1. What is the distance in Å between the Cα centroid of segment 50-80 and that of segment 245-261?
2. Please build a GNM for the chain, connecting alpha carbons under 10 Å apart, and tell me which residue among GLU208, GLU61, GLU51 fluctuates the most.
3. Which of LYS182, LYS52, LYS88 ends up with the largest GNM mean-square fluctuation for the chain, with Cα atoms connected below 10 Å?
4. Can you compute the charge dipole magnitude of the chain about its Cα centre, using +1 on each Lys and Arg Cβ and -1 on each Asp and Glu Cβ, nothing else charged? Give it in debye, rounded to the nearest 20.
5. Please report Rg (one decimal) and Dmax (integer) in Å for the Cα set of the chain.
6. Ignoring everything except DSSP H segments at least 4 long, calculate the 222 nm mean residue ellipticity for the chain; use -39,500 (n - 2.57) per segment, divide by total residues, nearest 500.
7. Give, rounded to the nearest 20 debye, the magnitude of the charge dipole that segment 71-180 has about its Cα centre when Lys and Arg contribute +1 at Cβ and Asp and Glu contribute -1 at Cβ.
8. Please work out the Cα center distance from segment 219-233 to segment 135-172, rounded to the nearest Å.
Amino acid sequence: MKISIVTATLVLSGLSLAAPLTEKRMAAKARRATATHHSNPPYVPGSNGVEKVLLTNTTNEQYSSNWAGAVLISTGYSSVTAEFVVPKPSAPSGGSSSTQYCASAWVGLDGDTCGTAILQTGVDFCVQGGSPSYDAWYEWYPDYAYDFSGITISAGNTIKITVTASSKTAGKATVENVSTGKTVTHSFSGESAALCEYNAEWIVEDFESGSSLVPFANFGTVTFTGAQATKSGSTVDTSGATIIDIKQNNKVLTSSSASGSTVKVSYV
């Protein structure tokens, strides 16, 4: 799934929401060239990634072509955290053994009612020919996601993921493998795309690679526990969150729910 720096640059230049990259971010991209994963806001099913879902702060279910999970909508959100057990993905019914299928579990700040940036971190889980693979990553959208180095993830591991904004242009992303005791962190500063601190999210995503969504894996169930956010200095859970599920080609692919500090997302 690796793509060249030239290809990554062409893809990025075609994104209408993409802000100009700083020299720092361009240099990081040239060094790593790991633009295999690109998150996006939640898109209206069937819109081919051109129309964003405008969520409302109710518990009514809404649909997206790429997001499933729970989203809090208000103001003053500065951190989000949760734990989940890494699933073992499989090909969907009727899938091909030669195709790579993927999904991603993450927590994040912004992306829906804020249209400028998303600070997020999580884990991709992919499968091809029955062999699963896993990558931990961090992202300040609209830049690409970058893989963490120095951490190994396997099915059944308990992972804690956290993002914290120290300002609207700075923060950090942390992935902890609770099962192995390994923690990795990336710090952001001086980002050109500013957060709004309007949204807190716990999401399973059908992410983008190149210019299209990846074939979506059957991930079973991802259950976010200890799901909390910091809002204006106080800790809150998922109460009042909007529930969102993935719908593609007129077929609903996920079933999501949230209660207290738990968000459950299942492949159906």
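1. Taking the Cα centre of segment 245-261 as reference, the centre of segment 50-80 is 12 Å away.
2. Of GLU208, GLU61, GLU51, the most mobile in the Gaussian network model is GLU51.
3. In the Gaussian network model the winner is LYS182.
4. Values: 16 positive and 20 negative charges, 82 e Å.
I would put it at about 400 debye.
5. 16.8, 48
6. -2000 deg cm²/dmol
7. Using only the charged Cβ atoms, the result is roughly 140 debye.
8. Rounded to whole Å, the Cα centres lie 15 Å apart.
Computed from the coordinates by the stated procedures, all read-outs in this text should not be read as laboratory data. Fair warning: this is a prediction, and the values are worked out from it, not measured in the lab. Quick reminder, even Gly has a Cβ in these numbers, built from the backbone with ideal geometry, and neighbours come from all protein chains shown.
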